[in-house]
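Here is the structure we will look at, set down as structure tokens.
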Amino acid sequence: DDIPVITIDGPTASGKGTLADEVAKALGFGVLDSGALYRVTGLAARRAGLDLDDGTAVAAIVPTLDLRFADGHVFLGQEDVTARLRAEATGLLASQVAVHPAVRQALHQWQLDFRRLPGLVADGRDMGTALFPGAPLKVFLTASAATRAERRYKQLISKGIPANMESLREDLEARDERDKNRASSPLTPAQDAQLLDNSALSIEASVDQVLNWWQKRR
Ligand code: C5P
């Protein structure tokens, strides 16, 4: 528990990934994009033709996943799955498999293994509540649904991935509902989390706020 961790949880497209990357860069820490693990699990389960409602079957493929993070890209075996993972359809697959306690359990230790010196910034839904409850700084990041849909839209378009604003917003809201209402590690702020609404904040301002909290951490 001596290795410092900053957790950043919050709803879909609230800017967790960008904030986590920037804070990690500033502090020289590593990053855990826990959503990528759920996304790759959902994708692999779908490709294997599994019933996504069968938590035991989906959990069983987790140990077989050959996943590698390199220079901002994600490889599944030899395949660069970066763009496929970011697609909104894959986000929906992820949230479907993420409801199963067996799947969350199968991903638990893998996520803990990302905690290495000199420190970690972990982003997801349950980093502060389930994975790293003792983290000295926990951030719960929010933004309005309209802001989030717009950001996700721009993000996808800039990567050359086709997107539709209306259906994006519907997808985000469906995913948020499922994440908040599931029984196993639902999306909710840790009791001691710092709340940050970045709807009207620049990325720099959000990063500064988190670095400021980090300097004043207990
Ligand atoms: O953060 P991202 O959008 O990549 O996450 C995709 C989905 O994976 C989320 O909607 C959520 O259902 C699930 N997830 C989770 N717990 C995490 C990270 C992601 O349940 N720590």
Given a 1.4 Å probe, how much area per residue of segment 178-218 is accessible, in Å²?
-> 67
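How large, in percent, is the carbon and sulfur part of the accessible surface of the chain at a probe radius of 1.4 Å? Write out the running numbers ahead of the final one.
Details: 5270 of 10500 Å².
Ligands and nucleic acids excluded, carbon and sulfur give 50 percent.
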Remind me, relative contact order of the chain in percent, using alpha carbon pairs under 8 angstrom and six or more residues apart?
-> 33
Would you please give the FRET efficiency between L211 and T18, computed as 1/(1 + (r/R0)^6) with r the Cβ-Cβ distance and R0 = 25 Å, to the nearest 0.05?
-> 0.95
Compute the relative contact order of segment 96-178 as a whole-number percentage, counting only Cα pairs closer than 8 Å that sit 6 or more residues apart in sequence.
-> 20
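Past 23 Å, Cα to Cα, is the threshold; run K159/K180; K16/K216; K16/K138; K25/K180; K16/K180; K16/K159 against it and keep the listed order.
Details: K159/K180 28 Å; K16/K216 21 Å; K16/K138 12 Å; K25/K180 30 Å; K16/K180 17 Å; K16/K159 18 Å.
From the list (K159/K180; K16/K216; K16/K138; K25/K180; K16/K180; K16/K159), the Cα-Cα distance tops 23 Å for K159/K180; K25/K180.
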Along the Cα-to-C-beta direction of H108, a point sits 7 Å from the Cα; which residues of segment 3-41 have their amide N less than 17 Å from that point?
-> 38
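Rolling a 1.4 angstrom probe over the protein heavy atoms, how many square angstrom per residue are accessible across segment 60-118? Working shown, then result.
Working: 3160 Å² over 59 residues.
So segment 60-118 comes to 54 Å² accessible per residue, rounded to a whole number.
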Any idea how far apart T188 and I203 come out in nm if each label point goes 7 Å out from Cα toward Cβ?
-> 3.3
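The values are calculated or read from the model by the stated rules, or taken from the named source; none is laboratory data. Note that the structure is predicted; figures quoted are calculated from it, not measured. Cβ sites come from the backbone with ideal geometry, for glycine too, and all protein chains shown count toward neighbours. For accessibility, only protein heavy atoms count, side chains too; no ligands or nucleic acids. Shrake-Rupley method; radii C 1.70, N 1.55, O 1.52, S 1.80 Å.
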